[in-house]
Amino acid sequence: MQPVEIDGRAGEGGGQVLRTSLALAVALGVPVRVANVRAGRPKSGLLRQHLTGVRAAAVICGGDVRGAELHSTTVELWPGSVRGGHYRFAVGSAGSAALVLQTVLVPLLLAPEPSTLEIEGGTHNSMAPTFDFLEQSFLPQLRKLGASVELELRRPGFYPAGGGCIAARIEPCRAPRPLQLDQRGAPGRGRALIHLAHLPPSIAEREWRAIQRVVHWPSDRCEVVEHTSAAGPGNTVSLVLPFEHITAVFTGFGERRRASESVGHTVARAAARFQAQTAPVCEHLADQLLLPLALLAGGSFTTVEPTLHTRTNIDTIHRFLPGRIELLPADPGSAVFTVRGRQGG
Amino acid sequence: MAKRTVIFGLLGSRLDGAAHDRRWDQWRPTVSLFQHDDLEPARLVLLSQTQEGRLAEIVAADVRSVSPNTAVEHVPVRFKDPWDFAEVFRVLDDVARAYPFDRDNEDYLVHITTGTHVAQICLFLLVETRRIPARLVQSSPRSTRGSQGNYSIIDLDLSRYDALAARFAAEHREGVDFLKAGIATQNAAFNRLMERIEHVAGRSTDPILLAGPTGVGKTQLARRIFELKRRLHAVEGSFVEVNCATLRGDHAMATLFGHERGAFTGATARRDGLLRAADGGLLFLDEIGELGLDEQAMLLRAIEEGVFLPLGADKPAKSRFQLIAGTNRDLAADVRAGRFREDLLARIDLWSFALPPLAERREDIEPNVEHELARHFAQTGRRVTFAAEARARFLTFAASPAAVWRANFRDLGAALTRLATLAPGGRITAPLVEEEIERLRAGWARLEQPRVDSPSAATDARGEPLDRFDAVQLADVLRVCRESRSLSEAGRTLFAVSRTKKASSNDADRLRKYLARFGLDYESARASDS
């Protein structure tokens, strides 16, 4: 079989194209060659975190890889068949554990056996889904698709120390169901979830006060989790907005030399923007849903205007499964995705 | 499969140490090196002093946190004084010697950002001398983005640095051009040879042997090697040259090694000799094979120990010089024949370069013709050029097998000197070239005349001396016998003309009788050596 050829420069041209391609190749059992990986970036080619993803994809299906080396700009994966089991992956340089999970999660739903995963690395990274987003926003939708997945934050990992750990339990998805998500439904009680490791509590207080000035929530809506087990200092602020059919999560990241008020204010503004709209699916969740929908039973959802990131994702999926995803504009500022899944529905 | 990356580093008691709760805000070289997403070290070999155990543990744990697939190997070291150069070097060298390097599977980096300056210098030296088969890695802090910093890998194989390499290459090219006297020679073997000599000249003070037939330019090359070394500041003294064929007897000893006053009859004054004149410089001994065995022995001692005994002196004299020896003889054959000391040959044979004869470098004739004409202009102030046709004719002949160039560049130089001098109005014409070609041919032909000087033909088989008249004839008869398969065949060859005029002939019998006159039969004639 000829490998599916993917140009790593397509669209936004980051690691996302690589991860989506790997997941599709493993799930569909078709070989893939990704060329020009991260072409034109200052440090071009595969970096450590990408390598972890490539190796993880190969391990869960007993596949062969070529070009799995640092700085390699062409990667080939010749997958075998996906097998469940116990897997442990570790991402260096505080890279995101969530991005590794994203590479292997959907393929493992299609394995005949259940899997348990331990992924070490960063759990709350600014350029990747945080654990809170995965658990609060993504998992409930995944369960609606018929998937049984449990996630556990064993230990948080923040930049720069890393050292976090996410554990996952994934059951084979034997009866996939299509998704219908065109409304948010009735709103629930929004809350703030602040993670704090090796930093003074005043940081959380300042962030929360800045949030309150935007969203006007009563003081009992703030939950501060202090992590003494974290390897190094870290701070994130997540605003969790539950609705009847969907939960949206927006996260801000505390950084050195950045005022806590600014962190709180920025994330509260993002949440307020979402509240002012009607589409149920935020752009981050839209990114995460396309792959499971395409590989399971499909469905449709209404989302905000798709980002370049999302469009790149669609193009990559279409290289493997042409024409599966249809995008129709809906109300101003929103769009409806219809995905024809491979199974059931 | 790519090799595993293994990083060696000293625990930096100052830079790697930090207040515990502030440590992730700071740049710590050892930890930061494992935070890079374009390095994937499989192992850290952390050298730390025993009293730094706690810091070593913290650093090791933090390295594992930022780089979960990196194993940390603790290697204890013990410096009483980390600023004591000899001690630090010894301790680090011991670590290097004891370490089971696996270069087939592992790629080593030595992190030199931590440790005292003394330790950094020692690590540099250990890497530079390949006692640690590694590249260096150096890290530095960066003001933005927290604790990670920058790193750069330094390969002490300087040829890998483009900018430096270009610089060295340019110098090397200049050196090679210089050795070739600026002549754009085309012969690949010759050019490779000059590059190698350029390399050796810049680095080595060991003897150099230049082998090659007369006239290939050994003396000029030796002089140019000296000039090049002077440009490279690799030599201070002077260039001293002598042709050993001009040294005979006591005179040879005295000329080379000097003598005391009254050492021999006529030694009215003390004399230093050439070896002492070459002290700190370069001594070129051309035709070294002509040197007597006594002189060879003394020379060997002078090369190896820098001392020798002048004639009539009680105390040895000292001189340190680089020897360049020239030879057109096969010195190995001379060793076998007992004419040349084996140990001296072994010593001067370290850098042995065989200069090819001009006939094997025909593509270099044209650039050398240009060079000779330029030289003529420089010497005489008279510019001489070839007429186009004349030039083509000369070059065609010069490159043809008919031009044997017996004396190599000496022949070529002489030919061009004649042409340039005779050129009417500074123009070398075709008739002049024809005349010169004839002159060259004739000169070579004279030297090509068969020479009958072989010992076996100068006396007969019984050892009786022969007239020259007979010796010449016998030599040719013997050659035909050797080249023939039978007595009859040899006879037919020898009497090829006269036998056609006879009704019957017995050439074999005629030859047998001829040989018998000299006490030979066909078998012994065949077995004779030239």
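Every read-out reported here was derived from the displayed coordinates using simple, explicitly stated rules and does not represent laboratory data. From a predicted model like this one, the values you see are computed outputs, not experimental measurements. With ideal geometry, Cβ positions are generated from the backbone for all residues, glycine too; neighbour counts draw on all protein chains shown.
Here is how the numbers come out for the structure above:
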| read-out | value |
| --- | --- |
| Dipole of the stretch B:1-100 [Lys/Arg +1, Asp/Glu -1 at C-beta], most positive-end residue of B:Tyr99, B:Phe34, B:Gln51 | B:Tyr99 |
| Pairwise centroid distance, computed over Cα atoms, of the stretch B:60-123 with the stretch A:93-139, Å | 37 |
| Distant alpha-carbon pairs in chain B (separation over 33 angstrom), percent | 66 |
| Filtered trypsin sites (Lys or Arg not before Pro), the stretch A:257-299: DSSP coil and at most 15 other beta carbons within 10 Å | A:Arg257, A:Arg258 |
| Potential extension, A:Glu261-A:Ser44 segment - 0.36 nm per residue separation minus Cα distance | 74.5 nm |
| Translational D in µm²/s for the protein assembly as shown (Stokes-Einstein at 37 °C, 0.692 mPa s, Kirkwood Rh from C-alpha pairs) | 91 |
| Crossing angle, helix B:430-448 versus chain B [Cα axis fit, 0-90 degrees, rounded to tens] | 80 |
| Convex hull (Cα only) mean projected area of the stretch A:150-203, reported in nm² to one decimal | 7.2 |
| Total charge dipole magnitude, the protein assembly as shown, about the Cα centre, Cβ charges on Lys, Arg, Asp, Glu only, Debye to nearest 20 | 940 |
| Approximate shape of the stretch B:4-162 as ellipsoid semi-axes (Cα gyration tensor, √5λ), whole Å, largest first | 22, 19, 15 |
| Positive dipole terminus of the stretch A:191-275, leading residue within A:His245, A:Pro233, A:Ser260 (C-beta point charges) | A:Ser260 |
| Size of charge dipole - chain B - debye, nearest 20, with Cβ of Lys, Arg +1 and Asp, Glu -1, no other charges | 1140 |
| Average projected area [Cα convex hull, the stretch B:455-527], square nanometres | 4.7 |
| Distance histogram for the stretch B:329-425 (every C-alpha pair counted, 10 angstrom bins, percent rounded to whole numbers) | 13, 35, 22, 17, 11, 2 |
| P(r) tail fraction, the stretch B:178-354 - alpha-carbon pairs more than 29 Å apart, % | 20 |
| Sorted peptide list for B:92-101, A:111-120, criterion being average Cβ within 10 angstrom, highest first | A:111-120, B:92-101 |
| Tilt relative to chain A, helix A:308-320 - C-alpha long axis, 0 to 90 degrees, to 10 | 20 |
| Student exercise, the stretch A:191-275 dipole from Lys, Arg, Asp, Glu Cβ charges, in Debye to nearest 20 | 340 |
| Helix B:117-128 axis, angle to chain B major axis (alpha carbon atoms, nearest 10°) | 40 |
| Reciprocal of mean inverse Cα separation for the stretch A:4-150 (Kirkwood radius, Å) | 15.3 |
| Cα convex hull of the stretch B:338-392 - mean projected area over all directions, nm² | 7.0 |
| Chymotrypsin sites (Phe, Trp or Tyr not before Pro) restricted to DSSP loop in the stretch A:223-295 with at most 10 other C-beta within 10 Å | none |
| Among B:Gln120, B:Ala423, B:Trp444 - extreme Cα towards positive end, dipole of chain B, charges at beta-carbon | B:Ala423 |
| Binned Cα-Cα distances of chain A, short to long, each 10 Å bin given as a whole percent | 6, 25, 34, 26, 8, 1 |
| The stretch A:191-275: C-alpha gyration tensor shape, a/c 1.5 cut-off, then a/b vs b/c | prolate |
| Structure-based [θ]222 nm, chain A - -39500 (n - 2.57) summed over DSSP H runs of at least 4, per residue, nearest 500 | -9500 deg cm²/dmol |
